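Notes follow the structure.
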Amino acid sequence: MKPLHLATLAATASACGSAFATQYLTVEQAQRVMFPEATRFAYSYLQLSPEQMRGVEKLSGLPARSVNWRVFAAYRGDTLLGHMVLDDVIGKFELISYAVGVNPDASIRQVEILVYRESHGFEIKSPAWRRQFVGKTAQSGLAVGDGIANISGATLSCTHVTDGVRRIAAVAQVMLKK
Amino acid sequence: MMRRAQPWLGTLVEIAIADMVDVADVAVLGACFDSAFAAVAEVHRLMSFHDPASDVSRINRAPAGETLAVHAHTHEVLRAALSVSEASGGIFDIACAPRLVSSGDLPLPDAAHVEHVPLRSGLSLDAVGRVVKRQPLWIDLGGIAKGYAVDLAIEALKRHGVRRACVNAGGDLRVIGALSYPARIRAPRSPGQMALELEVCDAALATSANYFSGRDSSAGSVLIDGRNGQPCAGDFSVSVRAPSCMLADALTKVVAASGDAGHAALAQFDATAFII
């Protein structure tokens, strides 16, 4: 896994139409969802020292992966409310951009998915190809339709995200705890 | 339509609210999402196999012969699990957890070692809502709790006055509202492609398959046939429509193990199914 900035990828995907991507929240929307009482957000690009990297690995039990972290500090007036850390993960099938809200004591406040994208694209097959399944749907009393969609399928593991959240909790312990 | 997604229950849980909401009502909308995600989080906390503090872990640690008080939500899921187990002749079996621990799909719990014994009902519920553990067993609610979490999230949205919405926990989804809500089913032999698109209206639809668990057709499966403890390997997918997502979720395992999209248990729960 390597960090990517997925928001731009997702924008491209929705433009071409065939790949499946969903933007749930923009960075600004996620800030408001996680810290609705905040009056301002200060962006910083955290850089972990080699010693801090070792601290993150020890706390999380995972490779620290990245030296650099994109972080917003949330303030109400001069009072620090917490931080929002941005990260991206790549699985076998998916690319996920997410944000982790962290309290000043470094505990996790909230996790929100920003963008989900199928890594190979989620293709909509031709009507002719789809017709082979129509009989099955008729038998089961289900109607075939068109439009915006939810995907029903085998459970997609979110191990990458949960590992990522664990890593960010360690980064918060090492660098953000007040 | 507003959508949000959070990681819970080992997968991504997506909530989509389609009601027209005034821009001024952003706080109201936020409260709807928060309440629905809180319901999912509660199921995660109560029914996680991984969390030592969950009801599931407490049951797994308890010695045979013990009677345990559990949360009303856990009780409801156990009651449904026992009911689907009975209707399916033991295909659906929450006591298959030792098989999933052996295959590495679940972590070894901090509890005395247990073997899965097919068709042995080692757990029952007493008249006052407690769990009676009659035999040594490890349970895992991974085949039913996601569906229940979806149902609870839907109830939370309804309580907030939401009339059109969809909650989707990694493929187990439920829709409320008069507006038809298309659901796309992945092609199991090519999961990056869509096999078909269905209209789901005031109903639940759950799909189970092996393609995301890192399995190919010859390898194992996290779908276990409770009658013999064998994994339901194969490159198929099973989808079940049912009145509740909990039932749809559980019944996919019955159809997967029996290979029968017309299994008698489906009609008993007012459900229908298809296999791709």
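The values are calculated or read from the model by the stated rules, or taken from the named source; none is laboratory data. For clarity, every value in this text was computed on a predicted model and none was experimentally measured. Because the Cβ atoms are built from the backbone with ideal geometry, glycine has one as well, and the counts that use them run over all protein chains shown.
For B:Ala264, the conditions (1) in contact with a helix residue (DSSP H, G or I) (Cβ under 8 Å, 6 or more places away or on another chain); (2) within 12 Å of chain A (Cβ to nearest Cβ) are fulfilled apart from (2).
If the condition is being more than 9 Å from every other protein chain (Cβ to nearest Cβ), in contact with a Ser or Thr (Cβ under 9 Å, 6 or more places away or on another chain) and assigned to a loop (DSSP other than H, G, I, E, B), then the stretch B:10-50 contributes B:Ser48, B:Phe49, B:His50. Number of residues in the stretch B:45-73 that are surrounded by fewer than 20 Cβ atoms within 10 Å (Cβ to Cβ) and within 24 Å of B:Gly104 (Cβ to Cβ): the value is 6.
Results for (1) among the β-branched types (Val, Ile, Thr); (2) modelled with pLDDT of 90 or more; (3) surrounded by fewer than 20 Cβ atoms within 10 Å (Cβ to Cβ), shown as yes or no for each residue.
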{"site": "B:Gly89", "(1), (2), (3)": "no, yes, yes"}
{"site": "B:Phe92", "(1), (2), (3)": "no, yes, no"}
{"site": "B:Gly104", "(1), (2), (3)": "no, no, yes"}
{"site": "B:Pro107", "(1), (2), (3)": "no, no, yes"}
{"site": "B:Val117", "(1), (2), (3)": "yes, no, yes"}
{"site": "B:Arg120", "(1), (2), (3)": "no, no, yes"}
{"site": "B:Asp126", "(1), (2), (3)": "no, yes, yes"}
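Quick check: is even one residue across the stretch A:74-87 part of a loop (DSSP other than H, G, I, E, B) and more than 30 Å from B:Arg184 (Cα to Cα)? Yes, the stretch A:74-87 has at least one match.
Quick grid of which residues meet (1) under 12 Å from the mean Cα position of the chain (by Cα); (2) within 12 Å of another protein chain (Cβ to nearest Cβ); (3) modelled with pLDDT of 85 or more:
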site	(1), (2), (3)
B:Ala204	yes, yes, yes
B:Thr207	yes, yes, yes
B:Gly214	no, yes, no
B:Gln230	no, no, yes
B:Val238	no, yes, yes
B:Cys245	yes, yes, yes
B:Asp249	yes, yes, yes
B:Thr252	yes, yes, yes
B:Ser258	no, no, yes
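Any idea how many residues of the stretch B:75-92 are in contact with a strand residue (DSSP E or B) (Cβ under 8 Å, 6 or more places away or on another chain) and within 17 Å of B:Val132 (Cβ to Cβ)? Number of matching residues: 4. Does the stretch B:90-106 contain at least one residue that is away from every other protein chain (no Cβ under 14 Å), under 14 Å from the mean Cα position of the chain (by Cα) and either in contact (Cβ under 8 Å) with a residue 60 or more places away in the chain or farther than 22 Å from B:Leu119 by Cα (or both)? Yes, the stretch B:90-106 has at least one match. Within the stretch A:12-45, the set of residues being at pLDDT below 80 and in a loop (DSSP other than H, G, I, E, B) comprises A:Gly17, A:Ser18, A:Ala19, A:Phe20. When restricted to residues that are over 10 Å from B:Ile139 (Cβ atoms) and in a loop (DSSP other than H, G, I, E, B), the stretch B:89-108 contains 10.
Residue pairs, Cβ under 9 Å, 6 or more apart or interchain, first in the stretch A:62-84 and farther than 24 Å from A:Thr162 by Cβ, second of a type in the set (Phe, Trp, Tyr). List them. Cβ pairs passing all conditions: A:Ala73/A:Phe41; A:Ala73/A:Tyr43; A:Tyr75/A:Phe35; A:Tyr75/A:Phe41; A:Arg76/A:Phe35; A:Leu81/A:Phe35; A:Leu81/A:Tyr75.
So which residues in the stretch B:125-136 are in contact with a His (Cβ under 8 Å, 6 or more places away or on another chain) and assigned to a loop (DSSP other than H, G, I, E, B), if there are any at all? Scanning the stretch B:125-136 gives a single hit, B:Gly129. Sub-6 Å Cβ pairs linking a first residue in the stretch A:151-168 that is more than 9 Å from chain B (Cβ to nearest Cβ) to a second residue that is part of a helix (DSSP H, G or I) and modelled with pLDDT of 80 or more, at least 6 apart or interchain, are A:Arg166/A:Ser60; A:Arg167/A:Ser60, ordered by first then second residue.
Filtering the stretch B:140-188 down to residues that are in a loop (DSSP other than H, G, I, E, B) and within 12 Å of chain A (Cβ to nearest Cβ), which residue is farthest from the chain's Cα centre (by Cα)? Give the derivation first.
Narrowing the stretch B:140-188 to residues in a loop (DSSP other than H, G, I, E, B): B:140-144, B:160-164, B:170-171, B:177-180, B:188.
After this cut, where a residue has to be within 12 Å of chain A (Cβ to nearest Cβ) as well, the list is B:142-143, B:170-171, B:179-180, B:188.
Numbers: B:Gly142: 6, B:Gly143: 4, B:Gly170: 10, B:Gly171: 10, B:Leu179: 25, B:Ser180: 23, B:Pro188: 19 Å.
Ranking the qualifying residues of the stretch B:140-188, first place goes to B:Leu179.
Listed conditions (1) outside any loop (DSSP other than H, G, I, E, B); (2) free of Cβ contacts under 8 Å to residues at least 40 places away in the same chain are all met by B:Val117, apart from (1).
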